[in-house]
Amino acid sequence: MIDVRPSQQMRDLGVVQHGAGILAEPARAFDLPAERDEAERITDELFAAMERIGQVHPFAKGMGIAAPQTGIARAAAVVQPPGDAPAIVLLNPRITTRSEEMDEQYEGCLSFFDVRGLVPRPLTIAVETTALTGETATTVYERGLARLIHHEIDHLDGLLYSARMRTGVEPIPVEEYRQTGRAWAYDL
């Protein structure tokens, strides 16, 4: 049997990989409710991608995917929290406040899944999103869910988690990450 690298597996499932220009560009916001049909179509595509990915890789601590990771340069992402919590759809998300208190955890990314990186993030964020009807709402997220959502919003801003890592800290191979004893951290 041929050993397929995790990033190749994600590529085969339709996830855009590190180095593609779309991952380094800010995504275009939706004009809602005028672009409601487009937003719904893209959200459906994100759910379908998450379903495909979830069939080949378990994400015990939750997962997310942003539209640019599927080749769509629009400001949409879907986050599946751990457990049975309902998925969170993020349209035009914007972090409005973030706590001073931070923690540093390993993160993975579907767009370069062969490595994991130690990323500092705020423990609490407030995120403004736009509903399909055009209204905006702000939701506060904490700890692991704040990390998941912040990671996906970064994708929509054209950032990968490696841009948030401390100077001198480099991503480590997934095999080494599994030996850290911290493999419970978020495999995004």
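What follows is calculated from the coordinates using simple rules that are stated; it is not laboratory data. Note that this is a predicted model, so its numbers are computed, not measured. Positions of Cβ are backbone-derived with ideal geometry, glycine not excepted, and every protein chain shown enters the neighbour counts.
3J(HN,Hα) couplings calculated from phi for region 13-29 with the Karplus curve 6.51 cos²θ - 1.76 cosθ + 1.60 (θ = phi - 60°) are, in sequence order, 8, x, 8, 5, 9, 2, x, 6, x, 4, 6, 9, 10, x, 6, 7, 5 Hz; Gly and Pro show x.
Rounded to the nearest 20 debye, the dipole magnitude of the chain is 320 debye, with +1 charges on Lys and Arg beta carbons, -1 on Asp and Glu beta carbons, and the Cα centre as origin. Dipole of region 39-187 computed with +1 at Lys/Arg Cβ and -1 at Asp/Glu Cβ about the Cα centre; of 113, 149, 139, farthest Cα towards the positive end is 113. Among residues other than residue 38 with Cβ under 12 Å from its Cβ, the summed charge is -2 (Lys and Arg +1, Asp and Glu -1).
Relative to one another, the C-alpha centroids of region 25-64 and region 122-136 are positioned 16 Å apart.
Working from the Cα coordinates of region 98-165, the gyration tensor eigenvalues give, after taking √(5λ), semi-axes of 23, 15, 9 Å in decreasing order. If you fit an axis through the alpha-carbon atoms of helix 36-56 and take the longest principal axis of the Cα set of the chain, what angle between them do you get, 0 to 90°, nearest 10? The answer is roughly 20 degrees. Summary: within the chain, the longest segment free of GluC sites (Glu not before Pro) located in DSSP loops with at most 13 other C-beta atoms within 10 Å is 1-99. P(r) tail, region 42-181: Cα-Cα pairs separated by more than 18 Å, 56% of all pairs. Against the main long axis of the alpha-carbon atoms of the chain, helix 143-156 sits at an angle near 70°. The amide H of residue 106, built 1.01 Å from its N in the peptide plane, has 119, 186 as neighbours under 5 Å, considering only residues 5 or more places off or on other chains.
The Rg/Rh ratio for region 24-78 is 1.02, where Rg is the radius of gyration of the alpha carbons and Rh is the Kirkwood radius.
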